[in-house]
Amino acid sequence: MKKVVCTLLPILAIALVLGTASAVAQNAPDDVYAVSYYSGANYTGYPDGTARVINDGSAGEADLCAAFYVFDNSQELQACGSCPVTADGIISESVNRNLLGNVLTSAVNHAGVVKLLSTATATGGPTECNATAKYAGAVTPGIRGWITHIQPTSRATTEETFKDSNYTTLETGDLELECQYLILLGSGHGSVSCTLEDTAW
């Protein structure tokens, strides 16, 4: 009996590893979820930061949605929203006006985290793109983003790509649900605004 158990244990361990790897693979499509930060925002006399997003065309001619989830430096979601981007198109969003211009609270946000989710256009919703759990489209690769950072002491502007992050249905499900409650309970506050494509310069 002991010999059978000893033989079965490595097999079970391998099956567990393969099952876990399979679950992770199913939970992590390529290039759909990325993160960055904003800094030096809403300071008088400082330049404005910019988030630029493109649809790289990997979804063919389909429009995609760039869903933004904007947190303050206390890890609280302050604004969310989703903006349409056509194939090979580009949008350019002001950090101060579009991402932070209608935050949930009256606090002035100077630094925090921006999460970017790439989805298909929403189905059944009031608009093509929606960042809430009720109307968000299926997670779909193709959205790529860059954001500028304003350095607080020197006021210098630097730019970097949104960093690809580990996608999980748990994380994005939480983001979409939290966004839904934020918009519902915010009484008009807590939404990210979108500029028209190719015009926000």
Checklist outcome for this item: Among the residues of the stretch 33-58, the number that are out of contact with any helix residue (DSSP H, G or I) (no Cβ under 8 Å at 6 or more places or on another chain) and under 16 Å from L116 (Cβ atoms) is 10
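Scan the stretch 135-149 and give yes if some residue there is farther than 30 Å from T44 by Cβ and surrounded by fewer than 16 Cβ atoms within 10 Å (Cβ to Cβ), otherwise no. Steps first, answer last, please.
First, pick out the residues of the stretch 135-149 that are farther than 30 Å from T44 by Cβ: 135-144.
Add one more test, that the residue is surrounded by fewer than 16 Cβ atoms within 10 Å (Cβ to Cβ), and what stays is 138.
Yes - at least one qualifying residue is present in the stretch 135-149.
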Next on the checklist: Can you tell me which residue is surrounded by the most Cβ atoms within 10 Å (Cβ to Cβ) among those in the stretch 81-114 that are farther than 16 Å from G188 by Cα and of a type in the set (D, E, K, R)?
Outcome noted: E93
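Could you list, in sequence order, the residues of the stretch 30-44 that are part of a loop (DSSP other than H, G, I, E, B), touching a Phe, Trp or Tyr at 6+ places or on another chain (Cβ under 8 Å) and of a type in the set (A, V, I, L, M, F, W, C)? Don't jump to the end; show me each part of the working.
Step one: of the stretch 30-44, the residues part of a loop (DSSP other than H, G, I, E, B) are 30-32, 39-44.
Next cut, touching a Phe, Trp or Tyr at 6+ places or on another chain (Cβ under 8 Å) only: 32, 40.
Listed by number, the list holds a single entry, V32.
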Checklist outcome for this item: Pairing a residue in the stretch 169-190 that is of a type in the set (D, E, K, R) with any residue that is not in a helix (DSSP H, G or I), where Cβ atoms lie under 6 Å and the two sit 6 or more apart in sequence or on different chains, gives E176/T132; E176/A133; E176/A136; E178/L77
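Since every read-out is calculated from the coordinates, none of them should be taken as a lab result. What you see is a predicted model; the values in this text were computed from it and never measured. Cβ atoms come from the backbone with ideal geometry, glycine included; neighbour counts cover every protein chain shown.
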